[in-house]
Amino acid sequence: MKKLINHPEYVVQEMIEGMALAHPQIVKKLPDTHVLVRADLSKEKVALVSGGGSGHEPSHGGFVGTGMLDAAVAGEVFTSPTPDQLLAAIKAVDRGKGVLLVIKNYSGDVMNFEMAMELAEAEGIQVKKVIVDDDVAVKNSTYTVGRRGIAGTVFVHKIAGALAEQGASLDEVQKVAEKVISRVRSMGMALSPCTIPAVGKPGFEIGEDEMEMGMGIHGEPGIDRTKIASADEVASTLVSYILEDMPCREGERVAVMINGLGATPLMELYIVNRKVAKLLQEKQIQVHKTFVGEYMTSLEMAGCSVTLLKLDDQLTELLDAPAQTIAWS
Amino acid sequence: MKKLINHPEYVVQEMIEGMALAHPQIVKKLPDTHVLVRADLSKEKVALVSGGGSGHEPSHGGFVGTGMLDAAVAGEVFTSPTPDQLLAAIKAVDRGKGVLLVIKNYSGDVMNFEMAMELAEAEGIQVKKVIVDDDVAVKNSTYTVGRRGIAGTVFVHKIAGALAEQGASLDEVQKVAEKVISRVRSMGMALSPCTIPAVGKPGFEIGEDEMEMGMGIHGEPGIDRTKIASADEVASTLVSYILEDMPCREGERVAVMINGLGATPLMELYIVNRKVAKLLQEKQIQVHKTFVGEYMTSLEMAGCSVTLLKLDDQLTELLDAPAQTIAWS
Amino acid sequence: MISVEQFLKWIRFAHEKIQQHKNELTELDQAIGDGDHGVNLARGFEAVVQKLDAHEGKDLGALCQEIGMTLIAKVGGASGPLYGTAFVRMATAWKGKQSVTYPEFVQGIEAGANGIQARGKAGLGDKTMLDVWLPLADYLARETETVSWKEVERFVYQQMKSTESMEAKKGRAAFLGARSIGHRDPGAVSSYYLFAALCQTMEMKE
Amino acid sequence: MISVEQFLKWIRFAHEKIQQHKNELTELDQAIGDGDHGVNLARGFEAVVQKLDAHEGKDLGALCQEIGMTLIAKVGGASGPLYGTAFVRMATAWKGKQSVTYPEFVQGIEAGANGIQARGKAGLGDKTMLDVWLPLADYLARETETVSWKEVERFVYQQMKSTESMEAKKGRAAFLGARSIGHRDPGAVSSYYLFAALCQTMEMKE
Ligand SMILES: Nc1ncnc2c1ncn2[C@@H]1O[C@H](COP(=O)(O)OP(=O)(O)O)[C@@H](O)[C@H]1O
Ligand SMILES: Nc1ncnc2c1ncn2[C@@H]1O[C@H](COP(=O)(O)OP(=O)(O)O)[C@@H](O)[C@H]1O
Ligand SMILES: [Mg+2]
Ligand SMILES: [Mg+2]
Ligand SMILES: [Mg+2]
Ligand SMILES: [Mg+2]
């Protein structure tokens, strides 16, 4: 394991400290927690709280700021944060207008957030939640846990955050978040594994000539282990899975995110985007905006995910609204 | 070699296409070149052109836009762009106010840019140049080629670009660029090598328990191959080399850049920043702003560089001025 | 049947087993999850035993409450709320007691199992820790004070092992669908170590 | 001494050698540079021979001009402007000639070497391609038409080899300082292949 760290046990704490030290104009750390909150919490508005295991940076601390999240709670690496930390975040950002929790659909995240919600409600805070499940690599079924939440979550932060910033009510903010969730789909793939610092060895093995389609952002196995394919083939496969799940008609407008998982250079992400853009052009799906970079990573995993968000006028306006965070501006 | 590419020969072309397709509001590709120019080239102002080998993304195409570069020219991976491409860029962005070339100090870059300069001057365009040499890992000497240009180059783009945007003359823009160069120092280190796509195997080898201090951004060997150290030790070493070369007094103000080389997760960069911030605090050097992320990469190399820029009032104002590019906003 | 002293022995013994088998638990989780189960539980139990050192005269209810809250605050992930809820429910069952009788003990385990089910909404056969907890509660409920703890351990082991052939429906392994078959559930295995520690503690006492 | 036909043979032969030794050149550059020299030159010479296919009656000057401009536009890095400038200077020396005499040929090589020096501002002993070009130009200037091309090749080889013990002062290897000692300069090695191709072409003719 080759990492620029001090001790596996302190990676999350030291990272949060490093973030707060780097961007004091944007975020501050709640004392004795792994919670980053907006530096300017004065405004009376619905508050947005998200979080999850660490190792997905810039998610979620990088999206705390004006027009996006009010607080982000970092768990241990790949491990949902605990209810006490979530409660601290909720209490710190609540301005009496209620708090929306943005949860990625993992059993652990859902349970910890729900426990925090119960605790906050017991203290008289109005809390609602949405659960993001954009990963089409997993079959959707109400019978099981359903799909995973991955990079599409960032669009939920952006759009719900923009509406909250405009002064909308908790119900309205929850509604728009759910609208985003219903219209966003993602799928990822990996070329190499990643290593949880405290574990010290890679979460899975993958041959020199292999890749895994549908890989989860915690190294959860995907749907297909194949010979490594070209960037164009990878892009085509990801887009076709997404469009199969969420058909888009000619003339419809989308936002595109080409998300790097950690070790993949921007060069490769842009090569993937080239093909994604061409595929959408062929299908006459209009691209309103494209985001290429690292938004929801998996430590130092190599690979990428593609996300499509189907826009309407409301979502377009909110997506384009200004935001001031570490990783989105 | 595990890369998300189609063919090693086309990586640069396809990357440039992918960038232009992703951000049509910000950049456009000059036909038949690997040049990205600002989408809005109307304004009469001094133009800034930079470039270099590819593989350092988001440098330099990611810094094309309002308030930074007017054009970026991409060479083959780790290979300076050629004079014809540079000339095309210069001609495309010249608005009659002259063009400043921002060159990183490598023999190849200097020669190709100088040839382009001669060609442009022959066509009656006023061209000046600055050469960035911020890497303190290399001993400075007028007898040899001097130091390498690395991540500090991005500060030159930002500050000279801001002054050009304000309507300053070519001389003034060149002067401020030189001021930045005289006040910016960087040093990097690597944990793992990178592979030029067309070569297909890593540029160097490094043991499982080793790191290289002073590593160049093209995999050029550094100054010290040691046992892998903690993030805090790495940060201390880099900062002390920089401050030895450019002493900073108590109360002086700096901008800090913690730059990832490609495969290093943001988590680790922030852990490094934590220590850098503490070291500067101890020395009572004021941090005006901190930039953490990927600015000048080396394909998928793991490692980081630290850059300090000594600010004065002029540089502070120009650094803080708004800019609209892909990777800086 | 079980006193504060015995209880503390059980938990300390469970802690030891978790630390010993940390890598095994992590590897099981790497196969069908995200590879943090060993690390998560090891961190949680480490925190638990540190709290126990200052238990000074707490009753079983208070101890379980402390353990549950510590696990909730320190483990995170899916197993934190689940193990945590189990101990918090046991705390309610054993409130104010310095020791419990066999039927009271069984009530506690049942309350724990029901807590896991309420929190995680899994059913039997969903390939989770519940596949150890629920059957164990039922087994103990059918027995009496004279139960053979060796047999109990064997039973728990079988339950744990039976998760190998199940298809996961809840938790992270559920994303794998049928490909989760052939692997033991990490949470079932850690639950086995928890109860193996109980059985061995009780046997030593006999 | 050398006709258009011979010249084309030389360049095509040089191209073959560069392609054959592409990996070797890249590995030399990995040791003290950035590992692209083989790839750069292979790309450049590939483009050059494609242009040569349509040379139809061009003279030596025009051919060298074409080669120089192609190398400048296709190689990039340090070696592109340097090799390119060398051929552009040779073009001036051989302007309008269908063939050149031995003294004219030597003037061309001298012009090329001087072009490299003017462009790169390196001196003898700085561990660059110049350490092949300049001594070769001098050697040829001291000889006549009857020069032994076998000897020339041996001489070029020695010059190339002598870069091994030099400390780089120019080019990327200069960043290494004393640690560049012990490695051959990639540009000197590629220049050796260029001139080995010349010598072997001339020998075949003899
Ligand atoms: N809904 C659930 N009900 C019961 N147990 C569950 C549920 N979800 C997960 N588990 C248990 O949690 C274990 C995984 O714990 P852990 O790895 O610590 O958390 P995470 O899955 O969040 O990484 C699984 O092996 C399973 O036994
Ligand atoms: N200033 C110079 N003068 C002469 N030759 C030089 C100079 N700088 C570099 N070279 C030659 O160029 C070679 C490197 O070429 P190449 O690897 O293609 O370019 P780069 O160094 O830009 O990657 C060196 O081995 C050396 O022979
Ligand atoms: Mg987990
Ligand atoms: Mg090069
Ligand atoms: Mg897990
Ligand atoms: Mg080179």
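The values are calculated or read from the model by the stated rules, or taken from the named source; none is laboratory data. Note that the structure is a prediction, hence the values are computed from the model and not measured. Using ideal geometry, Cβ is built from the backbone for each residue, glycine included, and neighbour counts are taken over all protein chains shown. Keep in mind that these areas ignore ligands, DNA and RNA; they rest on the heavy atoms of the full protein, side chains included. Shrake-Rupley method; radii C 1.70, N 1.55, O 1.52, S 1.80 Å.
Output yes when any residue across the range C:115-126 is away from every other protein chain (no Cβ under 14 Å) and either within 15 Å of ligand 1 (Cβ to nearest atom) or not small (Gly, Ala, Ser) (or both), and no when none is. Explain how you work it out, then say what you get.
Keep residues of the range C:115-126 that are away from every other protein chain (no Cβ under 14 Å), which gives C:124.
Filter once more, keeping what is either within 15 Å of ligand 1 (Cβ to nearest atom) or not small (Gly, Ala, Ser) (or both): C:124.
Yes, there is a match, as at least one residue in the range C:115-126 is away from every other protein chain (no Cβ under 14 Å) and either within 15 Å of ligand 1 (Cβ to nearest atom) or not small (Gly, Ala, Ser) (or both).
Scanning the range B:129-147 for residues that are at pLDDT 95 or above, open to solvent by less than 10 Å² (accessible area, probe 1.4 Å) and out of contact with any Ser or Thr (no Cβ under 8 Å at 6 or more places or on another chain) turns up just one, B:130.
Scan the range A:57-68 and tell me whether some residue there is open to solvent by less than 40 Å² (accessible area, probe 1.4 Å), modelled with pLDDT of 95 or more and among the charged types (D, E, K, R). Before you say what the answer is, go through the steps one by one.
Initially, the range A:57-68 is screened for residues open to solvent by less than 40 Å² (accessible area, probe 1.4 Å), giving A:57-65, A:67-68.
Restricting the remaining residues to those that are modelled with pLDDT of 95 or more gives A:57-65, A:67-68.
Next, only the ones that are among the charged types (D, E, K, R) stay: A:57.
Looking for residues that are open to solvent by less than 40 Å² (accessible area, probe 1.4 Å), modelled with pLDDT of 95 or more and among the charged types (D, E, K, R), one finds at least one in the range A:57-68, hence yes.
Summed over the range A:251-280, residues that are in a loop (DSSP other than H, G, I, E, B) and more than 23 Å from the chain's Cα centre (by Cα) total 2. The set of residues in the range A:270-285 that are crowded, with 24+ Cβ neighbours inside 10 Å and among the aliphatic types (A, V, I, L, M) comprises A:271, A:272, A:276.
For the range C:174-196, the set of residues classified as open to solvent by 20 Å² or more (accessible area, probe 1.4 Å), at pLDDT below 90 and of a type in the set (A, V, I, L, M) consists of C:178 only. Pairing residues of the range D:63-79 that are closer than 27 Å to residue D:173 by Cα and more than 9 Å from every other protein chain (Cβ to nearest Cβ) with residues that are among the charged types (D, E, K, R) and away from ligand 5 (no atom under 16 Å from the Cβ), at Cβ distances under 8 Å and at least 6 apart in sequence or on separate chains, gives D:67/D:51; D:68/D:89; D:70/D:51. Remark: pairs (first residue in the range B:77-106, within 16 Å of ligand 2 (Cβ to nearest atom); second residue of a type in the set (Asp, Glu); Cβ separation under 6 Å; 6+ apart in sequence or on different chains) = B:78/D:34; B:78/D:36; B:79/D:36; B:80/B:109; B:103/B:109; B:105/B:133.
Checking each residue of the range A:207-220 against the condition of being without any contact (Cβ under 8 Å) to a residue 60 or more places away in the chain and in contact with a helix residue (DSSP H, G or I) (Cβ under 6 Å, 6 or more places away or on another chain) gives no match. Just so you know, in the range B:1-53 the residues that are among the small types (Gly, Ala, Ser) and more than 13 Å from chain A (Cβ to nearest Cβ) include one that is surrounded by the most Cβ atoms within 10 Å (Cβ to Cβ), and it is B:50. Which of the residues spanning the range C:22-47 are under 15 Å from the mean Cα position of the chain (by Cα) and buried (at least 24 other Cβ atoms within 10 Å of the Cβ)? Those that are under 15 Å from the mean Cα position of the chain (by Cα) and buried (at least 24 other Cβ atoms within 10 Å of the Cβ): C:25, C:37, C:38, C:40, C:41, C:44, C:45.
Could you pull out the residue among C:140, C:176, C:194 that is free of Cβ contacts under 8 Å to residues at least 60 places away in the same chain and of a type in the set (A, V, I, L, M)? Going through C:140, C:176, C:194 in turn, just one is free of Cβ contacts under 8 Å to residues at least 60 places away in the same chain and of a type in the set (A, V, I, L, M): C:140. Of the residues D:46, D:24, the single one that is charged (D, E, K, R), more than 21 Å from residue D:85 (Cα to Cα) and away from ligand 1 (no atom under 16 Å from the Cβ) is D:24. Looking across the range D:97-146 at every residue that is away from ligand 2 (no atom under 14 Å from the Cβ) and of a type in the set (Phe, Trp, Tyr), the one that is farthest from residue D:78 (Cα to Cα) is identified as D:102.
Within the range A:286-312, being open to solvent by 10 Å² or more (accessible area, probe 1.4 Å), among the hydrophobic types (A, V, I, L, M, F, W, C) and either closer than 20 Å to residue A:3 by Cβ or modelled with pLDDT under 95 (or both) holds for one residue alone: A:302. Output the number of the condition that residue A:196 fails; it satisfies all remaining conditions of (1) under 17 Å from residue A:263 (Cβ atoms); (2) surrounded by fewer than 24 Cβ atoms within 10 Å (Cβ to Cβ); (3) in contact with a strand residue (DSSP E or B) (Cβ under 6 Å, 6 or more places away or on another chain). Going through the list (1) under 17 Å from residue A:263 (Cβ atoms); (2) surrounded by fewer than 24 Cβ atoms within 10 Å (Cβ to Cβ); (3) in contact with a strand residue (DSSP E or B) (Cβ under 6 Å, 6 or more places away or on another chain), residue A:196 breaks only (2). Counting the residues of the range B:281-329 that are part of a strand (DSSP E or B) and within 11 Å of chain A (Cβ to nearest Cβ) gives 12. Flag set for residue A:219, criterion: touching a Phe, Trp or Tyr at 6+ places or on another chain (Cβ under 8 Å) and facing another protein chain (nearest Cβ under 9 Å).
Of the residues contained in the range A:71-80, none is found to be over 23 Å from residue A:10 (Cβ atoms) and either more than 15 Å from ligand 1 (Cβ to nearest atom) or of a type outside the set (A, V, I, L, M) (or both). Inspection of the range B:12-35 finds no residue satisfying the criterion of being assigned to a helix (DSSP H, G or I), modelled with pLDDT under 95 and under 30 Å from residue B:201 (Cα atoms).
Entry remark, the range B:218-236: residues being touching a Ser or Thr at 6+ places or on another chain (Cβ under 8 Å) and either open to solvent by 30 Å² or more (accessible area, probe 1.4 Å) or at pLDDT 95 or above (or both) number 1 in total.
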